[in-house]
Structure formats: C-alpha cells, structure tokens
Amino acid sequence: MIPLLKMDFFMTANYFMIILFVVPYMYVMNISPPFTFVGLQIWLLIGLFYYDQQSGIHKFLVSLPVDRTNIVRARYLFAAIFLFLTFVYFVLIDRLAHRYLHYLEYQPISARAALMYICISLIIYALSFPIYYYFSYLAALMVQFLLFIVLPGTFLLLLNMVVKFKIQWVIDAAEQFFSHFSAHPFLVAIPATLVSYLISLFLSQKIFMKKDFK
C-alpha cells in the first residue's frame, strides 16, 4: 500500500505546490474559507481521477500481483491524509491572516468550524469516490456535478414543503435533532461522517473488484 500512496503523492506534487500559494491568496482576497477549503478537496478528486483516466494506471495496476482492494484503500487513505495536511496548513494561514490582515470579514476558524470543514469534505469524498470508480471519468464528472446541484436543491424543496404544509412531526424531529447536534456536535457529526466514509470505501471496493479494465 505504501507504493500506492507514494504514487498518489507524486501525482499531486504540483497540486500541493499550488495550494501553498492559493490559500494565502484567497485570504488576501477575503474569499470565504469554507468555500476555499472544500473547493480544494473537490479539485483533488477531479485531478486524481483525471490522471487515472489519462494514464490508464488502473489497467496497469490490476495487471500486477496487487490486491484490488488495496488500490482502493490506498486512494481513500491518501484522500484522508491530504485532507489533514491541507487542514493544518489552512489553520496556520488562517491564524497568520487574522493577525496581520485586519480587513477580513470572516472569524478565525473555531473548533466547530474545523469540524464542519472536515466532515463536509469527507462526505464529499464518500459520495464521489464510488461514482468515479463506477463510471468513466467524464460521466462521473457529470454525475458528481448534478449530484451536488440536485441534492441541495431537493433538500431545500422538501424543507420548503415541510414549512409550507406545517408537517409537525418532521418539524419536531428536526428541532430535536438540531438541538442535540448543537449541544453535542462532535458526538453526532464525527461518527456519522466516519460511518459514511467506511460505507463508501466498502462500496468502492465492491465496484472496483468487478470492474473490467480491458
């Protein structure tokens, strides 16, 4: 698995260099930190699978005596490592920016905001990886794009219907959930995110095991 991780680090070396400059630039331009952070994770996904598609690396890897599940696990592990490294750098720049750039409109990253950044990014990974493993690159890109438009749109539509028609049991359940989440965000968000990531890993492994690369 270590060689597979090294391969992903090698593929994204230029992206890491770009991030070193992009994050400070975004703060100087006073652009929303959550938008920047989550955007970096999405571009990682797009870049990784674009390289896979262009290089045909999966066809080469499955021809080697390498367990296919390890190929998928290495990609998921790399994504988690990338998330951690970019988050540490992001927090460092955030602290420096709020110390020297007094015109910033956004508050410093708090513990709850940090949790939100990480959980949202991992959920995006969890939703996207099986899509990219199942479809071709361009088809997966289209599905991912539609998914991130349709899901929020559907949620807002359902929310509007609940409020409009005053579906009380849904409102009561939502209030109870959000009050519990507000009081104990770590106890709710972390397990839910980790379970989603593990389910996504299991699903991607199943897809990749059956995929034909001829």
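For the reader, a short list of remarks on this structure follows.
- Hits in the range 9-28 (condition: among the aliphatic types (A, V, I, L, M) and in contact (Cβ under 8 Å) with a residue 24 or more places away in the chain): Met11, Ile19, Leu20, Val23, Val28
- Any hit, the range 30-48, residues being in contact with a Lys or Arg (Cβ under 8 Å, 6 or more places away or on another chain) and modelled with pLDDT under 90: no
- Within the range 66-89, the set of residues being of a type in the set (Ser, Thr, Tyr), more than 17 Å from Pro34 (Cβ to Cβ) and under 16 Å from the mean Cα position of the chain (by Cα) comprises Tyr76 only.
- Residue in the range 90-99 that is within 19 Å of the chain's Cα centre (by Cα) and not in a helix (DSSP H, G or I) present: no
- Flag for Leu104 being modelled with pLDDT under 90, in a loop (DSSP other than H, G, I, E, B) and not aromatic (Phe, Trp, Tyr): yes
- Among residues of the range 25-49, those that are over 16 Å from the mean Cα position of the chain (by Cα) and either surrounded by fewer than 16 Cβ atoms within 10 Å (Cβ to Cβ) or among the β-branched types (Val, Ile, Thr) (or both), counted: 6
- Residues in the range 92-141 that are more than 19 Å from Ala74 (Cα to Cα), surrounded by 15 or more Cβ atoms within 10 Å (Cβ to Cβ), free of Cβ contacts under 8 Å to residues at least 24 places away in the same chain and in contact with a helix residue (DSSP H, G or I) (Cβ under 8 Å, 6 or more places away or on another chain): Phe135 alone.
- Sole residue being under 28 Å from Leu194 (Cβ atoms), of a type in the set (A, V, I, L, M, F, W, C) and in contact with a Leu (Cβ under 6 Å, 6 or more places away or on another chain), chosen from Phe78, Phe16, Phe37: Phe78
The values are calculated or read from the model by the stated rules, or taken from the named source; none is laboratory data. Fair warning: this is a prediction, and the values are worked out from it, not measured in the lab. Here Cβ is always computed from backbone atoms with ideal geometry, including for glycine, and neighbour counts include all displayed protein chains.
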